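Since the structure comes first, as structure tokens, the remarks are kept for the end.
The values are calculated or read from the model by the stated rules, or taken from the named source; none is laboratory data. All of these numbers come straight from a predicted model, not from anything done at the bench. Positions of Cβ are generated from backbone atoms using ideal geometry, with glycine treated the same way; all protein chains shown enter the neighbour counts. Accessible surface areas use protein heavy atoms only, side chains included; no ligands, DNA or RNA. Shrake-Rupley method; radii C 1.70, N 1.55, O 1.52, S 1.80 Å.
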Amino acid sequence: MLRYRSDIWEASLKNGQGTPPIRQVVIFFYPENDNKLHRLSDRWGESTMLDYQYRVIRIWEESRQTVIENELAGLYPLLPLMKGQKPKEQPEQVLQESIATIQKLPDQSLQQDLLAAMAIIAGRKGSKYTSELIQSMIRREMIMESPIYQEWVKQEREEAMAKGKAEGKADVICKILYRKLGIESFELQQMVKTITSEPILDWVFEQIIDVTDKETAKNTIQKALAQTKQ
């Protein structure tokens, strides 16, 4: 963040614009991402040579009700991550409230885009929202018509077709696994790379699109491996 600010000021100084004010903000979606090191300071004797900080927004500390009351639709996918009015809330209740809020929007396409984004964000590994819960409440048919969802699937398919080989399709599947599961997906990626049948890889691709947890992904890939041995 400090380097980014310095780069901007270096450019503005060269252009004779001085050092314009910069409002820097970092948004953390999940508590485990916040290392709490958001201030840099340096002293020389009794003099402060550097005292730098930036604003931090922690989504889990933000009010869900405030977002809903102010109709901040762009933030609706983050509603399940925000705090409610009650100290203890059941995941089912929070998801239901969040989904209901999105479904009040008049734009159907926007609804589906926001629901698709919510499913991905809330379904992060280690989240209190299990994949089973999310899939039961945000069903596939609720987001299938989402332009964002369709465009993403289309791009992934086109990339696989362009490569035209089993290896290329396996690479695409591995990339999807990494996007969804991060480093937890490395073992699964190695399993996928042993599959050489294009039809089976096509089937894995279709299944992996909706997967949000490692166990479900592993079961899918194991089924595919069993088919290759028949």
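A few remarks follow.
- Residue that is modelled with the lowest pLDDT, among those in the stretch 117-142 that are in a helix (DSSP H, G or I) and charged (D, E, K, R): ARG140
- In the stretch 48-71, the residues that are open to solvent by 100 Å² or more (accessible area, probe 1.4 Å) and of a type in the set (D, E, K, R): ARG55, GLU69, GLU71
- Subset of the stretch 72-94 [surrounded by fewer than 20 Cβ atoms within 10 Å (Cβ to Cβ) and under 20 Å from PRO147 (Cβ atoms)]: ALA73, GLY74, LEU75
- Unique residue being among the hydroxyl-bearing types (Ser, Thr, Tyr) and touching a residue at least 60 places away in the same chain (Cβ under 8 Å) when the list is THR212, THR220, THR228: THR212
- Selection of the stretch 176-203 for residues being over 12 Å from ALA224 (Cα atoms), in contact (Cβ under 8 Å) with a residue 24 or more places away in the chain and either among the β-branched types (Val, Ile, Thr) or not assigned by the TED database to the domain that holds GLN222 (or both) yields only ILE176.
- On inspection, LEU50 fails the criterion of being among the aliphatic types (A, V, I, L, M), under 30 Å from LYS125 (Cα atoms) and free of Cβ contacts under 8 Å to residues at least 24 places away in the same chain.
- Unmet requirement for GLU32, which otherwise passes all of (1) without any contact (Cβ under 8 Å) to a residue 60 or more places away in the chain; (2) farther than 24 Å from ILE138 by Cα: (1)
- Where MET118 falls short, out of the listed (1) outside the structural domain of ARG5 (by the TED database); (2) of a type in the set (A, V, I, L, M, F, W, C); (3) surrounded by fewer than 11 Cβ atoms within 10 Å (Cβ to Cβ): (3)
- Verdict on ALA166 being in the same structural domain as TYR178 (by the TED database) and either open to solvent by 90 Å² or more (accessible area, probe 1.4 Å) or closer than 23 Å to THR216 by Cα (or both): yes
- Selection status of ASP7, surrounded by 10 or more Cβ atoms within 10 Å (Cβ to Cβ), out of contact with any helix residue (DSSP H, G or I) (no Cβ under 8 Å at 6 or more places or on another chain) and not in a helix (DSSP H, G or I): no
- Selection from the stretch 195-209 of residues that are loosely packed, with under 14 Cβ neighbours inside 10 Å and either closer than 14 Å to ILE176 by Cα or at pLDDT 90 or above (or both): GLU206
- LYS218 surrounded by 14 or more Cβ atoms within 10 Å (Cβ to Cβ), under 17 Å from the mean Cα position of the chain (by Cα), among the basic types (Lys, Arg) and in a helix (DSSP H, G or I): no
- Any hit, the stretch 95-109, residues being in contact with a helix residue (DSSP H, G or I) (Cβ under 7 Å, 6 or more places away or on another chain), within 20 Å of PHE205 (Cβ to Cβ) and buried (at least 19 other Cβ atoms within 10 Å of the Cβ): no
- Residue within the stretch 204-212 that is of a type outside the set (D, E, K, R) and farther than 26 Å from PRO91 by Cα present: yes
- Taking the stretch 14-47 as the range and being exposed (fewer than 10 other Cβ atoms within 10 Å of the Cβ) and not in a loop (DSSP other than H, G, I, E, B) as the test, the residues that pass are LYS14, VAL25, GLU32, TRP44, SER47.
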